[in-house]
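> Please read through the structure below; I'll follow up with questions.
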Amino acid sequence: MSPCFFSIMGNLWHSVNLVMKESDIVVIVLDARFITETINHEIVRKINEQKKPYLFVVTKSDLKESIDKSKIPEPYVIVSSTERRGKSALRERLLIIAEKRYGRKCTVKVGILGYPNVGKSSVINMLKGRHSASTSIMSGHTRAEKFIRADNRILLMDTPGVIPYGENDQVKHVLIGTTDFTKVKHPETILEKLIERYPGVIEKHFGVTPDDSRSGTIEKIAMKKGLLRKGGLPDTDRAARMIIRLIQTGKLRIQ
Ligand SMILES: Nc1nc2c(ncn2[C@@H]2O[C@H](COP(=O)(O)OP(=O)(O)O)[C@@H](O)[C@H]2O)c(=O)[nH]1
Ligand SMILES: [Mg+2]
């Protein structure tokens, strides 16, 4: 492992530790489509150890028709940042949790944690709303982390997002968007695994019959979408990346 890797991880955990230290409540953001996959158990353990009040915020609910609530750890609120749904429920829950734990408090400091790209910053923007031009800033430490004012009662701290230490499941990270489609190193290999994991779903979306081999299926889709390389061969890298983009943006609903 390069020293650089450790320093990046160090910085990420630095922001987790800072959130633990400075916040009254910790919010853990989960993806409505991948609830189990986006729970970071290391963070949950840390929160429990430190007896911090917490709330799970299940976001991107617009991308999932029926959410299996039995999978969501309590306490939770379901929201959609793009559709601005669940905003007042979230705000109320935060204030109730704060009041229960700390009594009546003028200002509640909330730290936002979760996997990269899970939707943390969007939740913050939803809470801030269009009308809160007054982004009064409280500096956290000497570092760049800051509390941003959402409204007259709530301050929010964003973080860069953190994955459990040593977790190296590339398929999962592509599926949940932690590795976005522009950064996937071997899109075809990953997509083949997704075709295997969700039989027929991707084929059906593009109206192709499943091929005997997964790479054959990607070729069929590339041909159908006119994604060709010189000489007319299917451009499977581009096709795989395009399909991963559709999955990540929820335009192709895989589950
Ligand atoms: N459909 C949908 N997309 C969302 C929602 N929240 C965030 N996104 C998208 O998910 C991606 C990551 O969001 P962002 O808030 O930057 O995630 P962060 O890295 O956790 O801060 C962006 O492309 C957002 O537009 C949501 O509620 N619904
Ligand atoms: Mg962000």
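All of the numbers you see were taken from the coordinates with simple rules; none came from a lab. Note that the structure is a prediction, hence the values are computed from the model and not measured. When we count neighbours, we look across all protein chains shown, and the Cβ atoms used for this are built from the backbone with ideal geometry, even at glycine.
> Can you give the helix-only mean residue ellipticity at 222 nm for the chain, where every DSSP H stretch with n ≥ 4 adds -39500 (n - 2.57) and the sum goes over all residues, rounded to the nearest 500 deg cm²/dmol?
Mean residue ellipticity at 222 nm (helix-derived): -12000 deg cm²/dmol.
> A further question follows. Order of 153-161, 28-36, 190-198 by packing, highest average Cβ count within 10 Å first?
So the order, starting with the most tightly packed, is 28-36, 153-161, 190-198.
> In a solvent-free Debye calculation with one equal scatterer on each Cα, what is log10 I(q)/I(0) for the chain at q = 0.09 Å⁻¹, listed in the order of the q values?
For the chain, the Cα-only Debye profile gives -0.47.
> Moving on. What ranking do 90-96, 119-125, 165-171 get when scored by the average of other Cβ atoms within 10 Å per residue, highest first?
119-125, 90-96, 165-171
> In whole angstrom, and with the biggest value first, how far do the Cα coordinates of the range 193-235 range along each principal axis?
31, 17, 14
> In terms of modelled amide H atoms, which long-range or inter-chain residues lie less than 5 Å from the amide H of residue 149?
136, 156
> Next up: Nearest 10 degrees, 0 to 90: what angle lies between the long axis of helix 3-22 and the longest principal axis of the chain (Cα atoms)?
The angle comes out near 40 degrees.
> How long is the gain from residue 101 to residue 51 if the chain were fully straight, where each residue apart is worth 0.36 nm and the alpha carbon distance is subtracted?
That works out to 16.9 nm of additional length.
> Rounded to the nearest 0.05, what FRET efficiency is calculated for residue 228 and residue 167 with R0 set to 41 Å and r the Cβ-Cβ distance?
0.65
> Count the lysine pairs in the range 173-221 whose Cα atoms sit under 19 Å apart, keeping only pairs 8 or more residues apart in sequence or on different chains.
Pairs that pass both the separation and distance tests number 5.
> Once Rh for the range 140-255 is found with the Kirkwood sum over Cα pairs, what is the Stokes-Einstein diffusion coefficient at 37 °C and 0.692 mPa s, in µm²/s?
Answer from the Stokes-Einstein relation: 201 µm²/s.
> Rounded to the nearest 10 degrees, what's the angle between the helix 236-248 long axis and the longest principal axis of the chain, both from Cα atoms, 0 to 90?
30 degrees
> So if the hydrodynamic radius of the range 31-104 is defined as the Kirkwood radius over C-alpha pairs, what does Stokes-Einstein give as its diffusion coefficient at 10 °C and 1.306 mPa s, in µm² per second?
119 µm²/s
> Shifting gears a bit: Could you give the dipole magnitude of the chain about its Cα centre, charging the beta-carbon of Lys and Arg +1 and that of Asp and Glu -1, in debye to the nearest 20?
Computed about the Cα centre, the dipole is about 860 debye.
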